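Take a look at the structure below.
Just so you know, all these numbers are worked out from the coordinates, no wet-lab data involved. Since the structure is predicted, the reported quantities are computational estimates derived from the model, not experimental observations. We place every Cβ from the backbone using ideal geometry, glycine too, and count neighbours over all the protein chains shown.
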Amino acid sequence: MKATITTHPDRTMNTSDSVQSVSSSSFFQPTLIKKKELAKRLSVSTRSIDVWVSKRMIPYIQITPRFYLYEFDAVFAALKKHYQVDARP
């Protein structure tokens with residue numbers, strides 16, 4: 001079974017697609033979390049996560065048709081960009 005990685009709302013990449021080689025010293029392994037943990041960290045409901053996924057507002061990795069994993073920093077950055085949150089005082 002192939003996992004599908006969604007990194008941009010308009011682009012989807014299968015794990016079988018070609019991947020550019022990266023030197024091992026610069027390789028970064030993101031920490032993936034489940035929906036319940038993501039909802040807890042963002043202080044929102046799991047239903048909110050489902051809505052954002054269905055609208056393709058946040059990046060996710062689809063493991064099976066009903067199981068997704070998320071990288072917190074990428075999701076947080078996507079939400080900040082979508083809701084135009086500015087960190088300046």
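Estimated at 0.36 nm per residue, the fully extended path between Ser43 and Tyr83 surpasses their Cα-Cα distance by 12.8 nm. Between Asp73 and Phe27, the contour length at 0.36 nm per residue exceeds the Cα-Cα span by 14.9 nm.
Distance between the 7 Å Cα→Cβ label points at Asp50 and Gln62: 1.6 nm.
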